[in-house]
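Peer 1: Quick one: the structure is below, questions incoming.
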Amino acid sequence: MKPLFASIALTALIAVPFSAHAQFAKPEDAVKYRQSALSVMGTHMGRVGAVVKGEKAYDKASVESDVAVIETMSRLPWSAFPAGSNLSNSKAKPEIWKEQDKFKAAAEKMQSEVAKLSAAAKSGDQNAIKAAFGETGKACKSCHDDFRNK
Ligand code: HEC
């Protein structure tokens, strides 16, 4: 039994600094998770954007469904920026970990704009959708300007 206990103890020791921050086993997992959520969010923003720009016909149900995905995705990435996950395949700027309050505020700002976009999508008011989409896009860009490498 002794070697088994020893290896469990060692695993626990290695896992501590990271698990204190998040539920990811490895920093790579956190990067993959946040990039995946952001990528899906971006895809559905693009679909709504095409409608807003008039490139695609407006269909209430499909805009609502795209916005529902955006809303769900908009909650996911922020717990996946644990300390130590600024890996070379990530575009996250070190400022994320130096200015955590500002980063968190930027995430919350975007989520509140997405909530308005969701209300607009449910109302079916195309002008309101357009306005809320614009504000959401600004909130994305503002965070990217400050916290994402080009
Ligand atoms: C609070 C900051 C913040 C907000 C708000 C934000 N992003 Fe990002 N986004 C990031 C960071 C940081 C990365 C880089 C993540 C990485 O590579 O580890 C990123 C990466 C991305 C990516 C690339 C994902 C990939 O494939 O690697 C897309 C697409 C994206 N964001 C879309 C959006 C959209 C659309 C919005 C608004 C609805 C948005 N983001 C709002 C910080 C933000």
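Peer 1: If we scan segment 113-132, do we find a residue that is at pLDDT below 95 and not in a helix (DSSP H, G or I)? Quick ask: steps written out before the conclusion?
Peer 2: Quick first cut of segment 113-132, residues at pLDDT below 95 only: none.
Within segment 113-132, none of the residues are at pLDDT below 95 and not in a helix (DSSP H, G or I).
Peer 1: Let me ask something else about it. Taking the condition of being among the hydrophobic types (A, V, I, L, M, F, W, C), part of a loop (DSSP other than H, G, I, E, B), surrounded by 14 or more Cβ atoms within 10 Å (Cβ to Cβ) and within 11 Å of the ligand (Cβ to nearest atom), how many residues in segment 65-90 meet it?
Peer 2: The qualifying residues number 1.
Peer 1: What are the pairs, 6+ residues apart or on separate chains, where a residue within segment 91-103 that is without any contact (Cβ under 8 Å) to a residue 40 or more places away in the chain and surrounded by 13 or more Cβ atoms within 10 Å (Cβ to Cβ) has its Cβ under 7 Å from a residue that is part of a loop (DSSP other than H, G, I, E, B) and small (G, A, S)?
Peer 2: Note: pairs meeting the criteria are W97/A83.
Peer 1: Let me ask something else about it. Could you tell me whether any residue of segment 35-44 is on the phi < 0 side of the Ramachandran plot and in a loop (DSSP other than H, G, I, E, B)?
Peer 2: Checked segment 35-44: no residue is on the phi < 0 side of the Ramachandran plot and in a loop (DSSP other than H, G, I, E, B).
The values are calculated or read from the model by the stated rules, or taken from the named source; none is laboratory data. For clarity, every value in this text was computed on a predicted model and none was experimentally measured. For neighbour counting, all protein chains shown are included, and Cβ atoms are generated from backbone atoms with ideal geometry for every residue, glycine included.
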